[in-house]
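To start, the structure itself, in structure tokens.
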Amino acid sequence: MKKIYSVLVLAFVALATLSAAERDLWTGKWSVSWDKPDGDEHREWKQLGQSDFAAMEAGSTLYFYFEVETEAAYHKYNFDNYAWKALPGHEAEHDPDFGFGENTKVTFVLTQAVKDSIAAGGFAIHGHGFEVVKVSILEDDDQPAEGVIWSGNWYVSWELPNGDEHKEWKGIGQEDFASFKLNDTLCLLLEIVPTDEYHSYKLDDYGWNALPGQAQVDFSADTEVRLVITEAVKNAVATGGFALHGHGFNIVQARVAAYNTPSAVESVAIRNDGIRYNLLGQPVGEEYKGVVILNGKKILQ
């Protein structure tokens, strides 16, 4: 029996591994260098067209696999449109000091703002010193939870020198905030780095000014930071952008929890006014026959 159980467990693990697959959208070995002259096909990578992205659902997660060219003096990439303008949420990649030093797998979340930008201006990868070798997408069953707009593993420390890409996190652009609805909640999942001496975060604009109602918060365990999208917050971000500052943590996920307007039943269930309501939320008298809600409790009369 033990052997049969072990075989079943192994079979289950194998099936789970197979089901959690990425589907390749493109494979090859495409060198990229913006040092090449205009007209050279390897000045950029444009192997996925606007129609390809139009067929993908907002919220889809793509992976880009880059291999460094060891002889290159530096390695840097940008996610742009055809005119070299940064896609929403990827403006930080245009920092002069943004780069990488080894083969890497880049997570790319296709937000609605990114889809709209690609539909208008196309999609290109610019940079220098690397080859694009594969692009894949998570199958539908393996897509992140509903509402996820960014995922990764981005270290944040305001103790790093100016110009260091990890001095802050700016993974959500002003266009993304413009698409959020009032009373939605932005949820940021932070994981502490145990070797750092303290852990603190602050929700700011690009100029390190705190967003309305926000202040520096110290914490000591993995936490989910929640920001309710108010009119004041939307206006502040539209003017100054959105950045997460702090020290001693990685941000691993950003998602938006949609605000749900209470139904009639939910609305009356929280009242404690001694009035009877039917399931449509309408006041009824003692002579009413059926299920009613009285002081937050359903009763049959």
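The values are calculated or read from the model by the stated rules, or taken from the named source; none is laboratory data. Here the structure is a predicted model, which is why all the values come from computation and not from measurement. Backbone-built Cβ (ideal geometry, glycine too); neighbour counts: all protein chains shown. The accessibility values were calculated without ligands, DNA or RNA, using every heavy atom of the protein model including side chains. Shrake-Rupley method; radii C 1.70, N 1.55, O 1.52, S 1.80 Å.
Assorted remarks:
- Positions within segment 189-208 being under 20 Å from G163 (Cα atoms) and either free of Cβ contacts under 8 Å to residues at least 12 places away in the same chain or exposed (fewer than 14 other Cβ atoms within 10 Å of the Cβ) (or both), in sequence order: G207, W208
- Matching option when the condition is over 15 Å from Q47 (Cα atoms) and of a type in the set (D, E, K, R), among K134, K115: K115
- Sole residue being in contact (Cβ under 8 Å) with a residue 24 or more places away in the chain and in contact with a strand residue (DSSP E or B) (Cβ under 6 Å, 6 or more places away or on another chain), chosen from G147, G163: G147
- Out of G163, G121, G99, sole residue that is modelled with pLDDT of 90 or more, in contact with a Lys or Arg (Cβ under 7 Å, 6 or more places away or on another chain) and farther than 26 Å from L186 by Cα: G121
- Among the residues making up segment 81-108, those that are open to solvent by 10 Å² or more (accessible area, probe 1.4 Å), of a type outside the set (S, T, Y) and outside any loop (DSSP other than H, G, I, E, B) are A86, E91, A92, E93, H94, K105, V106.
- Subset tally (residues that are surrounded by 14 or more Cβ atoms within 10 Å (Cβ to Cβ), in contact with a helix residue (DSSP H, G or I) (Cβ under 7 Å, 6 or more places away or on another chain) and in contact (Cβ under 8 Å) with a residue 12 or more places away in the chain) for segment 35-57: 2
- Taking the criterion of being free of Cβ contacts under 8 Å to residues at least 60 places away in the same chain, open to solvent by 50 Å² or more (accessible area, probe 1.4 Å) and either out of contact with any Lys or Arg (no Cβ under 8 Å at 6 or more places or on another chain) or more than 17 Å from I149 (Cβ to Cβ) (or both), the residues of segment 58-80 that qualify are T70, E71, A73, Y74.
- Test: residue in segment 186-193 that is modelled with pLDDT of 90 or more and part of a loop (DSSP other than H, G, I, E, B): yes
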